[in-house]
Structures are given as structure tokens and as C-alpha cells.
Amino acid sequence: MSIAPSMSNSFPWLHRGIHEIFPDQPESKSPDENLEQRLIQSNRPLRIKLGIDPTGTDIHLGHSLLFRKLRSFQDAGHTAVLIIGDFTARIGDPTGKSEVRKQLTEEQVAANAETYLKQVRPILDFDTPGRLEVRYNSEWLSKLDLPQTLELLATMTVGQMLAKEGFAERYKQGTAIYLHEFLYPLMQGYDSVAVQSDVELGGTDQKFNLAVGRDLQRHFGQTPQFGLLMPILIGTDGVQKMSKSIGNYVGLSEDALSMYSKLEKTPDALILQYFELLTDLPLDQLPEGARDRQKRLALEIVSQYRGREAALDAQKAAGELVRGGIVQLRGSIVQPQSITGSLIVKEADGSVLSPVVSDTTFIVPNDDIVPKFSLAPIQFPVKAFYLVSASGLCKTSSEARRHIQGGAVRLEGDKLTSLDLTFESPDELVGKVLQLGKNKFVRFVP
RNA sequence: GGAUCGGUGCCCGAGUGGUUAAUGGGGGCGGACUGUAAAUCCGCUGGCUACGCCUACGUUGGUUCAAAUCCAACCCGGUCCA
């Protein structure tokens, strides 16, 4: 370990992967202009704000880096203030498309919030007292009356609002901008006032909103927060930002195998950033080869959410399954054994299951990594295409038909060729794996 | 409030009475190939346990044997004028 040469290395965890901190006056000793000084000089835990809108239910890696940063603050002894934007969700952050969001019921909000918390549990410290505070912003926003709202509105001008990137573009293009959308940054900013935040985390697209928070805190006599901006993660397609609607995402609640198989394809151009933002590995200790890096990345990330063991199994499974090779997932422990270019599969008790003709390593992943599908609700006899859609591998039965015709569906490694294929009873299917494309699998259980 | 243009499938965008589930492009998804991915080539890209049936061209009614295409009202967006 060398001695930190400059001030900015005093908090390596703070700087890893970030895009920007503002305000940022490196030379300043003022805790209002230099976050490190605030960290050093404060005699209490700082309040670190992160807001999420409970509009959907899935959190993906693109969100995770914010939570990971939040965790770093927790580990440094500070308080994470997680704000569930149940009130703001009714408007929607007008960064993207101009769709008026549907109002969420209380039940939906509660359900979504719970799902969120469950998903971020592997990231945040939920257990140490004083490290996590969860708040709903309807708590204060629903109580604002018109005079107070006017006070908020009066802090900003139309010109300032239009300076915001999204608005500017839309205004220029002639897309509709509704007045209530102007309220969004103000409400988010008011959250900062309400929870008296010292630092607010957000993506780079949040800069304007975080800055509004500073303005409002100043307006209400508080010390303005710092804004800490994290990059917007590019999705697995290597082009657009990671987003559920685009589909280039890796969800935190996905099974180990699909997580792994997506991540092991991470484009080379993105791999360093992924390591930096999504893992804690020192960047100077990464594997050499491009392929090895992909594997390591996938292994690391899957381990974080599904555990090391499942990650290792997924890694082995992916190699075999993606190749469209033999699929004999029995969920039992198997020792690969080479016999004249072939492999045999053994059950846990040592009995030979079936010879497998393949010159690749045969693997049997454990049950955790392939989603299970219960045949109980299925009426037999059942047609193959119906099974494919019912099991969740694809959305509609029409789509299932097309996939079968296109040769994309395999049962235990055998390509399904006929649409008319019918299964008479569950016994034909239990324990077998149905595969669509290269990385969608499901294992039938009774 | 007035004038004018426009609202088509995930997106863009053809089509102005009938072989139209609707040309084309993008995107997406599959297949082949490369031990991943990318590139390339090929296929698919409303729904339905399905050789038939049902929904679709802003909404609702209407005119027709027949409408995305004609008419009316309404809703929504753009632009210009007040």
C-alpha cells in the first residue's frame, strides 16, 4: 500500500465509478463546497438520499450501481435515506416520453415498494441500526396546499425549466409539455428539504433535479445537499441505456442462469465499466483475455445476488446449454467422466443415467439456476406449443408456434419439429428441461 | 376562441372504398456461422390449446354488399392568429 498522494484519494470508495460530484471545489476546506471536507468535518452521520419511483416491480443492474454507492456510504457510517416516490410516481419524471402516467393505487405502491426493498436487500445494509431510513414522499407532498405549492413554483422561472435538457428538446420539437410536469423537479427537490439530505445520489440525467433540491434547501434555510451523479449504465446490447422496456437489462431477481448467460456476453467496450460499477474487484487485477473477463464479470455479479455456488453452477451450465448441446439437467450431482469421446451421466447414487454423446464437458447444474415450472395446472393431453407459452418461455401461443416452426425449441436437447406434437401425461415431462433459444429454460416439476 | 395540418401495428412510415392482418424501413426474436458477442446470410415479427375463429388503422356512431380509406360528432397533438 502506498501512501495516498492527494486529498482525492482519501475516499477511494467515494470516487469509484462516479460521473460527477457537485459542487466540487477541490481546494476548498469548506464543508459546503467540498464533499470530502463534509465527510471529514461532520460530527454526525450524513444523510444520503436516493429516490425511487415505485412504478414497476423490477430493479436491474442499471439501478444497482446507485444502491451500491449508497451501500458504500452506509459502510462508512452514514445513513441511507431511501425515498419511495409514491406521490411523484403519479406524475412521472418527464425526462423521456410524454406519457401521462396512470395513477397508482395505494396497494400497488405498497406492493411495488415491498418488491423493491426485497430486491435491493442483497445490496444495502438493512440490519445495522441507524443505517437505513425508508420514507414515502406522500408523507409530506400530499400535505402541500396551494399557497405552499405556489411558493415552490415561485422559486423557478419558465426559462430555468426550459433549460433542462428534456424540456428543451421537447419544446423545440414541438412535443407536448404539460404544466404539471414542471412540478416534478420541484417535488423531488422538496423531498430533499423534507428529509434534510446532505447528499443526493442520482444518474447523470438527474443533475437538474438534484440542483433544484439545492435551490429549495437554500430557500428553506437549509444547507444545500451535494449532488453525486453516477453514469447511466449502457445495457447488454452495448448501445442504449439499460432499460426494462428496451429489454437490454439484467434484472436483480432473475435466476442465476439467465443472469449469467446475459452477462457473459457483455460487449468488450463495456466490460471495464461494468467491473467498475457493478463489482468491487480492483480494476488492475482483472483477467487478461477478453473472454475470461466476461466470465469473471458474470461470475462476480451473479455471486452477489444468487450466491457463489449458484453462480459457479450457472457458469458451468451456460457453457453447455448455450451451445445447444446436450441438455440433461437432472439437478443431481454428476461427475463428468470421459469414455472414448463420450460422457456418461451419473445420478448422485452413482447409477448411470444415460450416455451422452458429446466431446464437451457435461454439466448438471443444481436446481437453483433453472426456473421450475409446475405441470399441475396443465390439462393433459397438451400440445407442445401451448406448453411453451404456458411455461412462460414466451408470451403468446402464436409466438410459441412460430418458434417451434423456426426450430428454436428443445426438450431435453431434442429439437421439437412438429406443431402437432402432443404430450399425453405429465410423466413424459417431469424433470425435463424445455429450452427456447439459447438462454431461456424451464424445468418441469409435478 | 378562430384558422389549418395531423392521429396506422414496438417505433418510423406507406396505403385514400374491395385479392389488406394491412407495402417498406428500424428495432426485436429465432436459425446458421464464429467456443461468447459483433459482422454476415436466412426466417419470423396481431390473438386464440387453431387447417377454423376473433380482434385491429385516435374514439363513437353513420353511409355502403364492402371502409384504415367516405360522412358526422367527439377526444388528443402540431403550427399560425387572437
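The values are calculated or read from the model by the stated rules, or taken from the named source; none is laboratory data. Worth saying up front: this structure is predicted, and the values here are computed from it rather than measured. Note that we place each Cβ from the backbone using ideal geometry, even for glycine, and neighbour counts take in every protein chain shown. Side chains are part of the model used for accessible areas, which takes the heavy atoms of the whole protein and leaves out ligands, DNA and RNA. Shrake-Rupley method; radii C 1.70, N 1.55, O 1.52, S 1.80 Å.
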statement: Going through the stretch A:223-240 in order, the residues found to be surrounded by fewer than 16 Cβ atoms within 10 Å (Cβ to Cβ) and away from RNA strand B (no atom under 13 Å from the Cβ) are A:Thr223
Qualifying residue in the stretch A:169-189 (condition: within 13 Å of RNA strand B (Cβ to nearest atom), among the acidic types (Asp, Glu) and surrounded by fewer than 16 Cβ atoms within 10 Å (Cβ to Cβ)): yes
- line: Taking the stretch A:391-409 and the residues there that are in contact (Cβ under 8 Å) with a residue 40 or more places away in the chain and surrounded by 15 or more Cβ atoms within 10 Å (Cβ to Cβ), the one that is farthest from RNA strand B (Cβ to nearest atom) would be A:Ser391
task: Look through A:Ala348, A:Ala311, A:Ala317 and report the one residue that is at pLDDT 80 or above and hydrophobic (A, V, I, L, M, F, W, C).
output: A:Ala311
query: Can you tell me which residue in the stretch A:250-293 is modelled with the highest pLDDT, limited to those that are of a type in the set (S, T, N, Q) and crowded, with 20+ Cβ neighbours inside 10 Å?
result: A:Thr266
message: Condition check: more than 8 Å from RNA strand B (Cβ to nearest atom), modelled with pLDDT under 90 and open to solvent by less than 20 Å² (accessible area, probe 1.4 Å). Does A:Val442 satisfy that?
response: yes
- prompt: Does A:Ala176 satisfy being among the hydrophobic types (A, V, I, L, M, F, W, C) and out of contact with any strand residue (DSSP E or B) (no Cβ under 9 Å at 6 or more places or on another chain)?
  reply: yes
- line: For the stretch A:1-35, the count of residues that are at pLDDT 90 or above and of a type in the set (D, E, K, R) equals 2
task: Would you list the helices (runs of 4 or more DSSP H) that sit entirely within the stretch A:151-234 and hold 2 or more residues that are assigned by TED's automatic domain parsing to the domain that holds A:Leu82 and over 31 Å from the mean Cα position of the chain (by Cα)?
output: A:158-163, A:165-173, A:207-219
query: Which of the following residues is more than 11 Å from RNA strand B (Cβ to nearest atom) and loosely packed, with under 15 Cβ neighbours inside 10 Å: A:Glu412, A:Glu424?
result: A:Glu424
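Residue-wise test of (1) open to solvent by less than 30 Å² (accessible area, probe 1.4 Å); (2) in the same structural domain as A:Tyr274 (by TED's automatic domain parsing); (3) in a helix (DSSP H, G or I).
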site	(1), (2), (3)
A:Glu36	yes, no, yes
A:Leu39	yes, no, yes
A:Arg44	no, no, no
A:Gly51	no, no, no
A:Gly62	yes, no, yes
A:Arg71	no, no, yes
A:Gln74	yes, no, yes
A:Gly77	yes, no, no
A:Leu82	yes, no, no
- request: Sort out for me the strands (runs of 3 or more DSSP E) sitting completely within the stretch A:370-446 that have 1 or more residues that are more than 20 Å from A:Ala318 (Cα to Cα).
  value: A:372-374, A:440-445
